[in-house]
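Below is one structure, written out as structure tokens, with a few remarks after it.
Taken together, the values in this text are just the output of simple stated rules run on the coordinates, not laboratory data. The model shown is predicted, which means the values in this text are computed figures rather than measured ones. Because the Cβ atoms are built from the backbone with ideal geometry, glycine has one as well, and the counts that use them run over all protein chains shown.
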Amino acid sequence: LARKTKQAEKSKEFGEFEVQVRKCDLISYGNDIENARVYLKFNGKPSDETITTLKKNAFKWWPKNQRWQRQTTANGVNGLRKVLATYEIETNEI
């Protein structure tokens, strides 16, 4: 429990957000402070190319939440930016 609380505190640095998008198969992305995870949600299974990009940036499929996610850290946010860049989405607000 203490570890989860510590991770949630770190996650607060980036603020909780969810941005709705309609780019190809991507529906939304965000930061879940409670679970200390940055995430991406897709409409169905992403393309093999997108899955490769997600995995290269340490995202993992999380069936419980139906999203690709990774821990909210500076590297996690940078990974999110890299994936979003492949969709030509600007992420200056993160």
Loop-resident GluC sites (Glu not before Pro) in the stretch 42-94 with no more than 15 other Cβ atoms inside 10 Å, DSSP not H/G/I/E/B, are GLU88, GLU90, GLU93
Loop sites in the stretch 12-85: trypsin sites (Lys or Arg not before Pro), DSSP, at most 13 other Cβ within 10 Å: LYS64
In terms of modelled amide H atoms, which long-range or inter-chain residues lie less than 5 Å from the amide H of VAL21? SER28, TYR29
Using each residue's phi in the stretch 72-85, evaluate 6.51 cos²θ - 1.76 cosθ + 1.60 at θ = phi - 60° and report the 3J(HN,Hα) Karplus result to the nearest Hz, with x for Gly and Pro. 7, 9, 4, 5, x, 5, 5, x, 4, 4, 5, 5, 5, 4
Rounded, prolate or oblate, given the Cα gyration tensor of the stretch 22-94, with a/c below 1.5 counting as rounded? rounded
